[in-house]
Amino acid sequence: MELSTTKVPSEEHILSLYNAVGWSAYTDNPDVLFEGLKNSACVIYAYDVDHQLIGLVRVVSDNATICYVQDILVRPSTHRTGVGRALFSAVLVKYEHVRQLVLITDDEPGQRAFYESMGLTEASDFRAGAIRTFAKFS
């Protein structure tokens, strides 16, 4: 597996990856997806040994106080092979100096264990009154 921030895949390959994980909210409006990728603080792509796109992680950050992991996705055929762990670890290394790392995700089985293994804590597990999480989705 190869991780890269400079080897940018084609729009077709990016759409194929997002479609493979069923993220139609992105693929229904590809121009917005590509604008979001372009304007992200960091996008790290994962490629297999045949140089095919198998995953990506996208970060929104001020590179000082906050790092928000917006998207992390891995082609289903490569789940449980370490791709997601490698992508997330690359973000943790790149943004280790940042005070807050935040991620909002779907409530799918296995995600909690994965993110906890990466050092994150679910908001509901913080001491009562310590933090609150608010979000608005359109």
(request) Would you mind telling me which numbered condition in (1) among the small types (G, A, S); (2) crowded, with 18+ Cβ neighbours inside 10 Å; (3) assigned to a helix (DSSP H, G or I) G55 fails? (result) (3)
(request) Show the residue pairs that are 6+ apart or on different chains and have beta-carbon atoms under 7 Å apart, the first residue being within region 10-29 and under 15 Å from P76 (Cβ atoms) and touching a residue at least 40 places away in the same chain (Cβ under 8 Å), the second being surrounded by 15 or more Cβ atoms within 10 Å (Cβ to Cβ) and hydroxyl-bearing (S, T, Y). (result) Y18/Y26; Y18/T27
(message) I'd like to check which helices (runs of 4 or more DSSP H) are fully inside region 2-43 and have at least 1 residues that are over 23 Å from L101 (Cβ atoms), among the acidic types (D, E) and out of contact with any strand residue (DSSP E or B) (no Cβ under 6 Å at 6 or more places or on another chain).
(response) 11-20, 30-39
(message) For region 109-130, give me the residue count where each residue is surrounded by 10 or more Cβ atoms within 10 Å (Cβ to Cβ), at pLDDT below 80 and assigned to a loop (DSSP other than H, G, I, E, B).
(response) 1
(request) Quick one: which residue in E116, E108, E122 is touching a helix residue (DSSP H, G or I) at 6+ places or on another chain (Cβ under 8 Å), free of Cβ contacts under 8 Å to residues at least 40 places away in the same chain and over 26 Å from K7 (Cα atoms)? (result) E122
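The values are calculated or read from the model by the stated rules, or taken from the named source; none is laboratory data. Small disclaimer: the values here were computed from a predicted structure and weren't measured. Quick reminder, even Gly has a Cβ in these numbers, built from the backbone with ideal geometry, and neighbours come from all protein chains shown.
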